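K.L.:
My structure is below; once you've seen it, I'll send some questions.
The values are calculated or read from the model by the stated rules, or taken from the named source; none is laboratory data. Since this is a predicted model, take the numbers as computed values, not measurements. All Cβ positions, even for glycine, are placed from backbone atoms using ideal geometry, and neighbour counts span all protein chains on display.
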2 protein chains.
Amino acid sequence: MDNSETLAAFSALSQQTRLDVFRLLVKAGADGVLSGEISDRLDVRQNTMSANLTVLLNAGLVRNERHGRTIRYFADFESLRGLLAFLMEDCCNGNPDICQLVIDEIACG
Amino acid sequence: MDNSETLAAFSALSQQTRLDVFRLLVKAGADGVLSGEISDRLDVRQNTMSANLTVLLNAGLVRNERHGRTIRYFADFESLRGLLAFLMEDCCNGNPDICQLVIDEIACG
DNA sequence: TCCATATATCATGAATAATTGATATATATA
DNA sequence: TATATATATCAATTATTCATGATATATGGA
C-alpha cells in the first residue's frame, strides 16, 4: 500500500454510501454480498451504487466475482491491512504502548 | 466513534497534506510537533496548513496544546483506535482468522 | 504601549466529486 | 433470435473541497 493507494482508499471511505457498503462487506466476510442486494439493503439507486462500487474497486478496498448475471462483492482484507500498516508506520518510535492500545481495540471479540 | 465522526476522519485523511501530517504525528508519538515545524517540514504555506490542521482537529484525529506563541500538535491515538474499531465492527462473523491477519500487520516491530 | 512572531479566519476562484436520467452491455432463458 | 434481468457507462448539473491573498487574533518582549 503506497501513498496514492492510501489516499484513494481514505477518499473512498469518506462518503456515506461507500462507508456503509464497506462495513457491510466487512461483516459479510468471505460470503460477500451480491451487487443488487447491496443496493436494496442500503436503499441506493442502481447506477449510483454501481458508481460507488467502482470507486471502492479502484481503491482496492473490495473485489468482485461475476456469477452469471450477478456480481458478488467482497471486502479485500489484504488491502485493508496494508492501509492500516501504512497509517501506523513507525508508530512505535519511543512508545510501543500507544500502538498496542490501537491494536487491542480491533482484536476480535 | 460514530458514523459521522468516522466519515469526518476518513475525509480528513483523504487529502495529501493531511495524510502526511497525520503520519508525521503518528511517528512523533507523545512528543508531538509544533505547528510551524509541521509547515516547514512538509513545505506547505502557513495558512493552508492551519486550515488543514483545523480539519484534522475537527475530525478528532489530532489534538493540540498551546505553549506561549507556539502550538504543539499530537496524533490522537484514542480516536484512531475508535475509528478502526468502527470499521472492523463484527468483522469476525464466521471467520476470525481474516480479522487476525489485519491485526498482525499493524503489530509493532 | 508598540512591534514582532505564531497561528487562525475570511472571501474567492479553480478544481473535484456526487447524483441523476438515459442508455449501453452482458448474461440467461424462452 | 427475442426478451428480461443485472450491472455499467455517459453527459450534465449541482455540490463540495482546495489553495490562496489578505487580514485578524494571540502572545511575548522591548
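K.L.:
Is it the case that region A:3-11 has a residue that's among the hydroxyl-bearing types (Ser, Thr, Tyr) and within 17 Å of B:VAL102 (Cβ to Cβ)? Please lay out each step first, then the result.
P.N.:
Within region A:3-11, the subset among the hydroxyl-bearing types (Ser, Thr, Tyr) is A:4, A:6, A:11.
Checking the rest, the ones that are also within 17 Å of B:VAL102 (Cβ to Cβ) come to A:6.
Yes, region A:3-11 has at least one match.
K.L.:
Among what's in region B:1-29 and is outside any helix (DSSP H, G or I) and away from DNA strand D (no atom under 12 Å from the Cβ), pick the residue that is surrounded by the fewest Cβ atoms within 10 Å (Cβ to Cβ). Spell out how you get there, then give the answer.
P.N.:
Looking only at region B:1-29, we keep the residues that are outside any helix (DSSP H, G or I), and these are B:1-2, B:14-15.
Still in the list and also away from DNA strand D (no atom under 12 Å from the Cβ): B:1-2.
Details: B:MET1: 20, B:ASP2: 8.
The residue in question is B:ASP2.
K.L.:
Taking region B:16-30 only, how many residues are in contact (Cβ under 8 Å) with a residue 40 or more places away in the chain and over 20 Å from A:ALA85 (Cβ atoms)? If you could, list the steps in order and put the result at the bottom.
P.N.:
Start the filter on region B:16-30 by keeping residues that are in contact (Cβ under 8 Å) with a residue 40 or more places away in the chain, which leaves B:21-22, B:25-26, B:28-30.
Still in the list and also over 20 Å from A:ALA85 (Cβ atoms): B:30.
Residues in region B:16-30 being in contact (Cβ under 8 Å) with a residue 40 or more places away in the chain and over 20 Å from A:ALA85 (Cβ atoms): 1 in total.
K.L.:
Next question. Just to be sure, is A:LEU57 within 13 Å of another protein chain (Cβ to nearest Cβ), at pLDDT 95 or above, surrounded by 13 or more Cβ atoms within 10 Å (Cβ to Cβ) and more than 7 Å from DNA strand C (Cβ to nearest atom)?
P.N.:
On the way: within 13 Å of another protein chain (Cβ to nearest Cβ): no; at pLDDT 95 or above: yes; surrounded by 13 or more Cβ atoms within 10 Å (Cβ to Cβ): yes; more than 7 Å from DNA strand C (Cβ to nearest atom): yes.
No: the conditions fail for A:LEU57.
K.L.:
Select from region A:77-96 the residues that are of a type outside the set (A, V, I, L, M, F, W, C) and at pLDDT 75 or above and write down the one among them that is nearest to A:GLY60 (Cα to Cα). Before the answer, list the steps.
P.N.:
Restricting attention to region A:77-96, the residues satisfying the condition of being of a type outside the set (A, V, I, L, M, F, W, C) are A:78-79, A:81-82, A:89-90, A:93-96.
When the remaining residues are screened for being at pLDDT 75 or above, the result is A:78-79, A:81-82, A:89-90.
Details: A:GLU78: 9, A:SER79: 6, A:ARG81: 12, A:GLY82: 10, A:GLU89: 20, A:ASP90: 23 Å.
The extreme case among them is A:SER79.
K.L.:
Here is a further query. Here is a list of conditions, (1) within 13 Å of DNA strand C (Cβ to nearest atom); (2) closer than 20 Å to B:CYS91 by Cβ; (3) at the interface with chain B (Cβ under 8 Å from one of its Cβ atoms), and A:SER11 meets all of them except one; can you say which number that is?
P.N.:
With respect to (1) within 13 Å of DNA strand C (Cβ to nearest atom); (2) closer than 20 Å to B:CYS91 by Cβ; (3) at the interface with chain B (Cβ under 8 Å from one of its Cβ atoms), A:SER11 is out only on (2).
K.L.:
Going by the conditions given, is B:ARG72 in contact with a helix residue (DSSP H, G or I) (Cβ under 7 Å, 6 or more places away or on another chain), within 14 Å of DNA strand C (Cβ to nearest atom) and among the charged types (D, E, K, R)? Break it down into steps so the answer makes sense when it comes.
P.N.:
Details: in contact with a helix residue (DSSP H, G or I) (Cβ under 7 Å, 6 or more places away or on another chain): no; within 14 Å of DNA strand C (Cβ to nearest atom): yes; among the charged types (D, E, K, R): yes.
No; evaluated as a whole, the condition is false for this residue.
K.L.:
Let me ask something else. For a quick check of your reading of the model, give me the residue pairs whose first member lies in region B:44-59 and is of a type outside the set (Asp, Glu), whose second is more than 10 Å from DNA strand D (Cβ to nearest atom), with beta-carbon atoms closer than 6 Å and at least 6 apart or on different chains.
P.N.:
B:GLN46/B:SER39; B:MET49/B:SER39; B:LEU56/B:VAL62; B:ALA59/B:ALA9
K.L.:
Let me ask another. If a residue has to be more than 11 Å from DNA strand D (Cβ to nearest atom) and of a type in the set (A, V, I, L, M, F, W, C) to count, how many in region A:53-71 make the cut?
P.N.:
Number of matching residues: 2.
K.L.:
Would you mention how many residues in region B:73-83 are surrounded by fewer than 19 Cβ atoms within 10 Å (Cβ to Cβ) and under 17 Å from B:SER39 (Cβ atoms)?
P.N.:
Residues flagged as surrounded by fewer than 19 Cβ atoms within 10 Å (Cβ to Cβ) and under 17 Å from B:SER39 (Cβ atoms) within region B:73-83 amount to 1.
K.L.:
Could I ask something else about it? Going by what's in this entry, would B:ALA28 be described as among the small types (Gly, Ala, Ser), touching an Asp or Glu at 6+ places or on another chain (Cβ under 7 Å) and within 14 Å of chain A (Cβ to nearest Cβ)? Outline the logic, then answer.
P.N.:
Numbers: among the small types (Gly, Ala, Ser): yes; touching an Asp or Glu at 6+ places or on another chain (Cβ under 7 Å): no; within 14 Å of chain A (Cβ to nearest Cβ): yes.
No.
K.L.:
Are any of the residues in region B:30-38 within 12 Å of DNA strand D (Cβ to nearest atom), over 10 Å from the mean Cα position of the chain (by Cα), small (Gly, Ala, Ser) and surrounded by 15 or more Cβ atoms within 10 Å (Cβ to Cβ)?
P.N.:
Checked region B:30-38: no residue is within 12 Å of DNA strand D (Cβ to nearest atom), over 10 Å from the mean Cα position of the chain (by Cα), small (Gly, Ala, Ser) and surrounded by 15 or more Cβ atoms within 10 Å (Cβ to Cβ).
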